[in-house]
Amino acid sequence: MNKNLFDFKNKTAVITGGAQGFGLDIAKRFLEGGAKVVIWDIDSKLLEKVINNINNDNLTSNIVDVSNYKTVEDAVNKTIKNSNIDILINNAGITGPTAPLWEYDVDKWNEIVKINLFGTFNCCRAIVPSMIKNNYGRIVNVASVAGKDGNANASAYSSGKAGAIGLTKSLGKELADKNIAVNAVTPAGAKTRILDQMTKDHVQRMLSKVPRGRFLEVEEFTSLVCWLSSEENTFSTAAVFDISGGRSTY
């Protein structure tokens with residue numbers, strides 16, 4: 001596919017879950033556009049591999065557990081010593097196991113919601129004050145069509161992503177009088193490692209709901225995120241952008 005080049009010169013972006021999948025592809029496109037990129041991930045080995053492979057002075061990383069507010073706050077303070085944080089991509093997330101709600105492991109349920117929802121809150125909570133101070137910011141929260149539709153046997157994931165959509169709408173309205181845009185994106189299943197966490201039956205069920213008849217390509221998703229993160233997005237905020245191949249009807 002042909003990729004548009006977005007201008008991210010003089011911008012610093014924080015991307016959570018940035019060592020693989022969506023997050024890594026977004027990081028690469030931001031770097032191509034001239035941004036300084038800080039990727040956060042809990043997997044230290046993956047982070048080291050990415051930094052070595054990309055080998056770009058504008059790319060740095062921090063080991064961050066987004067579900068731990070203190071860890072997030074420390075990472076933010078480290079970054080803003082050197083530059084503003086202009087862009088935040090809340091991409092970190094896990095799907096967890098599939099099971100009926102009444103059989104779902106309680107600790108697992110809590111863990112999934114903590115990362116997918118609380119993690120998004122923690123990052124916004126820690127970074128937004130500096131965006132307000134600079135009167136500039138672009139925040140993209142990676143939700144899911146599961147947060148709109150509710151996937152059977154994935155109540156934790158669906159609930160966490162639905163919560164992230166609600167958070168986006170609230171925060172976007174709270175910041176609407178400033179040059180800060182807050183939006184969510186709701187992809188359908190994509191060709192990333194997150195599919196490996198699911199059973200084959202669950203993956204096939206997801207695919208059967210997509211009128212396009214295929215999974216989302218990572219590059220297609222990144223293009224949408226880039227526009228929402230750019231200075232070209234001057235009006236859209238508190239909104240949900242669907243990229244589900246026709247699955248979602250609202």
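Listed values, structure above:
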read-out	value
Which listed residue is modelled with pLDDT under 95 and either more than 30 Å from S155 (Cα to Cα) or not hydroxyl-bearing (S, T, Y) (or both), from G34, G119, G96	G96
Listing of helices (runs of 4 or more DSSP H) fully contained in region 13-91 that carry 1 or more residues being in contact with a Cys (Cβ under 7 Å, 6 or more places away or on another chain) and under 19 Å from A164 (Cβ atoms)	69-80
Filter result for L24 (over 18 Å from V185 (Cβ atoms), buried (at least 17 other Cβ atoms within 10 Å of the Cβ) and not basic (K, R))	no
In region 34-61, the residues that are of a type in the set (A, V, I, L, M, F, W, C) and closer than 23 Å to K9 by Cα	A35, V37, V38, I39, W40, V50, I51, I54, L59
Per-region count, region 79-118, residues touching a residue at least 60 places away in the same chain (Cβ under 8 Å) and either acidic (D, E) or crowded, with 21+ Cβ neighbours inside 10 Å (or both)	11
Criterion (under 30 Å from D107 (Cβ atoms) and among the basic types (K, R)) met by exactly one of K81, K49, K11	K49
Test result for I51, of a type outside the set (K, R), without any contact (Cβ under 8 Å) to a residue 12 or more places away in the chain, surrounded by 15 or more Cβ atoms within 10 Å (Cβ to Cβ) and more than 25 Å from I243 (Cβ to Cβ)	yes
Failed item in (1) over 23 Å from E103 (Cα atoms); (2) modelled with pLDDT under 95; (3) assigned to a loop (DSSP other than H, G, I, E, B); (4) not aromatic (F, W, Y), with L207 passing the rest	(3)
From N84, N62, N91, N68, residue being over 19 Å from the mean Cα position of the chain (by Cα) and polar (S, T, N, Q)	N84
Residue in region 221-237 that is hydrophobic (A, V, I, L, M, F, W, C) and under 29 Å from D105 (Cα atoms) present	no
Matching residues, region 61-78, being free of Cβ contacts under 8 Å to residues at least 24 places away in the same chain and not basic (K, R)	I63, D65, T71, D74, N77
Selection status of T168, modelled with pLDDT under 95, under 19 Å from the mean Cα position of the chain (by Cα) and of a type outside the set (K, R)	no
Lone unmet requirement of (1) touching a Gly at 6+ places or on another chain (Cβ under 9 Å); (2) farther than 25 Å from A156 by Cα for V66	(2)
Selection from region 171-191 of residues that are more than 25 Å from S236 (Cβ to Cβ) and either modelled with pLDDT of 95 or more or of a type in the set (S, T, N, Q) (or both)	none
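The values are calculated or read from the model by the stated rules, or taken from the named source; none is laboratory data. These numbers come from a predicted model, not from an experiment. Note: ideal-geometry Cβ built from the backbone for every residue, glycine included; neighbour counts use all protein chains shown.
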